[in-house]
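One structure below.
The values are calculated or read from the model by the stated rules, or taken from the named source; none is laboratory data. Since this is a predicted model, take the numbers as computed values, not measurements. Heads up, the Cβs are rebuilt from the backbone with ideal geometry, glycines too, and the neighbour counts pull from every protein chain shown. Just the protein is used for accessible areas: all its heavy atoms, side chains included, with ligands, DNA and RNA removed. Shrake-Rupley method; radii C 1.70, N 1.55, O 1.52, S 1.80 Å.
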Amino acid sequence: MNKIFRSIITPFFAIIALLAVGGAEAPGTGTAPLEGYVYVGEWGWQTPSENQFSLPRGIGVAPNGNIYVADSQHDHVQYFTTSGSFLGSWGVFGYDEGEFRVPVDVAVGGNGVVYVVDRGNQRIQYFTPSGSFLGEWGSRGHKDGEFNNVDAVAVAPNGDIYVVDCWNFRIQYFTPAGSFLGKWGKRGSRDDEFGYPTSVAVAPNGLIYVTDAESGCVKYFTATGSFIGKWGSEGSGGVHFKFPAGVAVASNGAVYVVDAANANIQYFTPTGSLLGMWGPDVYGYGEFNEPEGIAVAPDGTVFVADTCHDRILYFRPVGKTNK
């Protein structure tokens, strides 16, 4: 699905979803297996006002287990315990330090520093774990360190920051303080080019995984952008994607992809062999509604931003204790 079109219709679907579930019972904890996982819980639409969302997109897990969510239409970041208890938030609409214009992604470094994609301001801002402003970089443009529809961010084990520069059809990477280190990609269909890059994740071994929505595939590279391999094609079902919107890599190297248009989660070996999938049917409203963000905690818990249902859901591998 064309992302410009999605940016227009997403708010409409969010309103429809809220109207559709008005007065509905909050779902309880489920135990049915979902391709190797069980539903554990959720938070968002049915909970107190401080942790309601309006189009939550990006989601990140801190080393201490706290969950950070880019709440795009509220123009702020919220953070929670692993079970969804509200801890705090920061940000308002604006152009100054610590303010946002449609934050769409968040990633947390090994030192707890929180990096936020501030799409409307075409920049990356970074903060302490509780939201104190530390710095920023970026502006609109095509030069090194500039962005055109900045879309996603990921932190490597060595601290380097990888950013999806969507309409420049490239990945740029930086030091933790934003000094430019390198880039790769341009518009095209070659293995080292992109049609529509949407998300990025870094594996524990330093490999870089990028979803390309136009070709419906996942590509992976060395830390400096040398192409290694890819999998997937446009379509429905296993190893097919209609709009892969988010990617995350677990501590064991498994790669998780959230497909917004097919409303499912698929997970793979590091080289792309399908391990399992679930969705669109999940607990709650009955199915995902254009999920976009995904993150995997060190214990294997998978957190999904169910964007047009304004909620976060989380799942654990079968056999793990539900806490």
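Tell me which residues, restricted to the stretch 126-137, are touching a Leu at 6+ places or on another chain (Cβ under 9 Å) and either among the small types (Gly, Ala, Ser) or crowded, with 19+ Cβ neighbours inside 10 Å (or both). Spell out the reasoning first.
Applying the first criterion (touching a Leu at 6+ places or on another chain (Cβ under 9 Å)) to the stretch 126-137 yields 126-128, 130.
Across the stretch 126-137, the qualifying residues are Tyr126, Phe127, Ser130.
In the stretch 94-124, what residues are in a loop (DSSP other than H, G, I, E, B) and either out of contact with any Phe, Trp or Tyr (no Cβ under 6 Å at 6 or more places or on another chain) or hydroxyl-bearing (Ser, Thr, Tyr) (or both)? Before the answer, list the steps.
We begin by selecting, within the stretch 94-124, every residue in a loop (DSSP other than H, G, I, E, B); these are 94-99, 101-102, 109-113, 122.
Result: Gly94, Tyr95, Asp96, Glu99, Arg101, Val102, Gly109, Gly110, Asn111, Gly112.
For the stretch 213-230, which positions are over 18 Å from the mean Cα position of the chain (by Cα), within 20 Å of Asp165 (Cβ to Cβ) and surrounded by fewer than 21 Cβ atoms within 10 Å (Cβ to Cβ)? Reasoning before the result, please.
Of the residues in the stretch 213-230, the ones over 18 Å from the mean Cα position of the chain (by Cα) are 215, 221-230.
Okay, now just the ones that are also within 20 Å of Asp165 (Cβ to Cβ), so 215, 221-227, 230.
Scanning the stretch 213-230 gives Ser215, Thr222, Ala223, Thr224, Gly225, Ser226, Phe227, Lys230.
Before we move on, is Leu313 modelled with pLDDT under 95 and among the hydrophobic types (A, V, I, L, M, F, W, C)?
Values: modelled with pLDDT under 95: yes; among the hydrophobic types (A, V, I, L, M, F, W, C): yes.
Yes; evaluated as a whole, the condition is true for this residue.
Hey, Pro157 hits all of (1) under 20 Å from Val202 (Cα atoms); (2) assigned to a loop (DSSP other than H, G, I, E, B); (3) touching a Ser or Thr at 6+ places or on another chain (Cβ under 9 Å) but one; which does it fall short on?
(3)
Take Leu55 and decide whether it is open to solvent by less than 10 Å² (accessible area, probe 1.4 Å), touching a Ser or Thr at 6+ places or on another chain (Cβ under 7 Å) and in contact (Cβ under 8 Å) with a residue 12 or more places away in the chain. Break it down into steps so the answer makes sense when it comes.
On the way: open to solvent by less than 10 Å² (accessible area, probe 1.4 Å): yes; touching a Ser or Thr at 6+ places or on another chain (Cβ under 7 Å): yes; in contact (Cβ under 8 Å) with a residue 12 or more places away in the chain: yes.
Spelling it out, Leu55 is indeed open to solvent by less than 10 Å² (accessible area, probe 1.4 Å), touching a Ser or Thr at 6+ places or on another chain (Cβ under 7 Å) and in contact (Cβ under 8 Å) with a residue 12 or more places away in the chain.
For residues in the stretch 143-159 being over 18 Å from the mean Cα position of the chain (by Cα) and farther than 17 Å from Val102 by Cα, which is most open to solvent (accessible area, probe 1.4 Å)?
Lys143
Restricting to the stretch 250-265, count the residues that are aliphatic (A, V, I, L, M) and surrounded by fewer than 23 Cβ atoms within 10 Å (Cβ to Cβ).
Initial filter on the stretch 250-265 (aliphatic (A, V, I, L, M)): 250, 254-255, 257-258, 260-261, 263, 265.
Applying the additional criterion that residues be surrounded by fewer than 23 Cβ atoms within 10 Å (Cβ to Cβ) yields 250, 254, 261, 263.
Total meeting the criteria: 4.
Looking at the stretch 199-212 only, could you name the residues that are under 15 Å from Trp231 (Cβ atoms) and open to solvent by 20 Å² or more (accessible area, probe 1.4 Å)?
Hit for the stretch 199-212 is Leu207, nothing else.
Inside the stretch 157-185, can you point out the residues that are under 16 Å from His142 (Cα atoms) and charged (D, E, K, R)?
Answer for the stretch 157-185, where residues must be under 16 Å from His142 (Cα atoms) and charged (D, E, K, R): Asp165, Arg170, Lys183.
How many of the residues making up the stretch 239-294 are under 23 Å from Glu42 (Cα atoms) and either free of Cβ contacts under 8 Å to residues at least 12 places away in the same chain or not small (Gly, Ala, Ser) (or both)?
28
Within the stretch 268-305, restricting attention to residues that are open to solvent by less than 20 Å² (accessible area, probe 1.4 Å), modelled with pLDDT under 95 and not in a loop (DSSP other than H, G, I, E, B), which residue is farthest from Thr81 (Cα to Cα)?
Gly276
Confirm whether Arg140 is farther than 25 Å from Thr222 by Cα, without any contact (Cβ under 8 Å) to a residue 24 or more places away in the chain and either basic (Lys, Arg) or buried (at least 21 other Cβ atoms within 10 Å of the Cβ) (or both). Walk me through it before giving the result.
Working: farther than 25 Å from Thr222 by Cα: yes; without any contact (Cβ under 8 Å) to a residue 24 or more places away in the chain: yes; either basic (Lys, Arg) or buried (at least 21 other Cβ atoms within 10 Å of the Cβ) (or both): yes.
Answer is yes for this residue.
Can you tell me which residues in the stretch 231-246 are open to solvent by 10 Å² or more (accessible area, probe 1.4 Å), within 26 Å of Val61 (Cβ to Cβ) and not in a loop (DSSP other than H, G, I, E, B)?
Trp231, Ala245
Out of all the residues in the stretch 62-83, which are within 15 Å of Tyr115 (Cβ to Cβ) and surrounded by fewer than 17 Cβ atoms within 10 Å (Cβ to Cβ)?
The answer is Pro63, and nothing else.
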